[in-house]
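Here is the structure we will look at.
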Amino acid sequence: MNRGLRVGLTGGIGSGKSTVAAFLEKLGAFVIDADAISRSTTATGGAAIASIAEAFGQSVIGPDGALDRVRMREIAFKDPGARKRLEAIIHPLVGDAIAKATKRADELSAPCLVYDIPLLFESAHWRQSLETVLVVDCAENTQITRVCARNGLSSEEVRAVIAAQASRITRLCGADHVICNDGLTLLQLEGLVYQMRGQFGL
């Protein structure tokens, strides 16, 4: 059983991080999507649902049995401690799932484990678990244009999300590798990832 290189992949909203993750997976990396795991815990039948209902009441659970995110946001807006209580339920479950996925990757002797972590620099513990960090970067205007087109949000809503994330300079200062994803076609972006593959053991 060989231990693959631990790579942290991050970037601001609309940077193209998930697309880069897909290209790395195509090259043979084992990708662990922390955000997808987190979402699955609050989906219908998710591991966090029972504890969330116990902590916040059945009103935060939608008719489909999933977390009602709109209702949860309303509660968190009125009660600053609500978000921490929610995270205290979800984060241990996510951590367990990531640990299991990591073990599976090692059993498969994956040459490279890519941890796709949107809030890598907002977390105190992640950096020490990683051997290298890849940041997908682009200009704020590019982020706004992409997310408005993709999600139908207003530019003000996207700016609010950007403001809540680590700053662009923080990500760039903490990066070992950077992909600048401004003005690139998907084919060009894939080409950049392909050129870097050797640095990740792929």
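The values are calculated or read from the model by the stated rules, or taken from the named source; none is laboratory data. This is a predicted model, so every value here is computed, not measured. Note that we place each Cβ from the backbone using ideal geometry, even for glycine, and neighbour counts take in every protein chain shown. These area figures cover heavy atoms from the full protein model, side chains too; ligands, DNA and RNA do not enter into them. Shrake-Rupley method; radii C 1.70, N 1.55, O 1.52, S 1.80 Å.
Where does each of Cys148, Cys112, Cys180 land when they are ordered by accessible area, with a 1.4 Å probe and the largest first?
Solvent-accessible surface, decreasing: Cys180, Cys148, Cys112.
Please list the non-local residues whose amide H lies under 5 Å from the amide H of Ile13, H modeled 1.01 Å from N, same-chain partners needing a gap of 5 or more.
Those lying under 5 Å, H to H, from Ile13: there are none.
Output ³J(HN,Hα) for region 123-132: one whole-Hz value per residue in order, computed from phi by the Karplus curve 6.51 cos²θ - 1.76 cosθ + 1.60 with θ = phi - 60°, and x for Gly and Pro.
These are the phi-based 3J(HN,Hα) values: 9, 6, 9, 5, 4, 6, 8, 10, 8, 7 Hz.
Once you list every other residue whose beta carbon is under 14 Å from the beta carbon of Arg6, what net charge do they have if Lys and Arg are +1 and Asp and Glu are -1?
Residues close to Arg6 contribute a combined charge of -1.
Given Lys78/Lys103; Lys78/Lys100; Lys17/Lys103; Lys17/Lys78, which pairs have Cα atoms separated by over 29 Å?
Listed pairs above 29 Å: Lys78/Lys103; Lys78/Lys100; Lys17/Lys78.
Which semi-axis lengths, in whole Å and largest first, follow from the square roots of five times the eigenvalues of the Cα gyration tensor of region 103-202?
26, 18, 13
What are the residues whose amide H is under 5 Å from the amide H of Ile32, where those residues sit 5 or more places off or on another chain and H is modelled from the backbone?
Sorted by chain and number, the residues that satisfy this are Val114, Tyr115, Asp116.
How charged is the neighbourhood of Ile144? Take every other residue with its Cβ under 14 Å from the Cβ of Ile144, and add Lys/Arg as +1 and Asp/Glu as -1.
0
Leu153 to Ile169: extension gain in nm, 0.36 nm per residue of separation minus the Cα-Cα distance?
Stretched fully, the Leu153-Ile169 segment lengthens by 3.3 nm.
How high is the FRET efficiency between Gln58 and Gln195 when r is their beta carbon distance and R₀ equals 45 Å, given to the nearest 0.05?
It comes to 0.30.
Add +1 for every Lys or Arg and -1 for every Asp or Glu among the other residues with Cβ under 9 Å from the Cβ of Asp116, and state the total.
Net local charge, Asp116 excluded: -1.
Of all accessible surface on region 1-119 at a 1.4 Å probe, what whole percent is carbon and sulfur?
Of all accessible area on region 1-119, carbon and sulfur atoms account for 55 percent.
On the protein heavy atoms, probe 1.4 angstrom, tell me the percent of accessible surface of region 128-173 carried by carbon and sulfur.
52 percent
Heavy atoms of the protein only, probe of 1.4 Å, neighbouring chains included. What is the accessible area of Asp64 in Å², nearest 10?
It works out to around 100 Å².
Could you work out [θ]222 nm for the chain from helices alone, using -39500 (n - 2.57) per DSSP H run of at least four and dividing by all its residues? Round to the nearest 500 deg cm²/dmol.
Value at 222 nm, helices only, nearest 500: -16000 deg cm²/dmol.
Per residue, how much accessible surface does the chain expose to a 1.4 Å probe? Answer in Å², no decimals.
That works out to 54 Å² per residue.
Under 5 Å between amide hydrogens, which residues at least 5 positions from Leu5 or on another chain qualify, with H placed 1.01 Å from N in the peptide plane?
Residues meeting the criterion, in which the H sits 1.01 Å from N, are Cys112, Leu113.
In region 94-159, how does Rg compare with the Kirkwood Rh, expressed as the Rg/Rh ratio over alpha carbon atoms?
Taking Rg over the Kirkwood Rh, I get 1.10.
First measure r as the distance between the Cβ atoms of Asp176 and Asp96, then evaluate 1/(1 + (r/R0)^6) with R0 = 41 Å and state the FRET efficiency to the nearest 0.05.
Efficiency for this residue pair is about 0.90.
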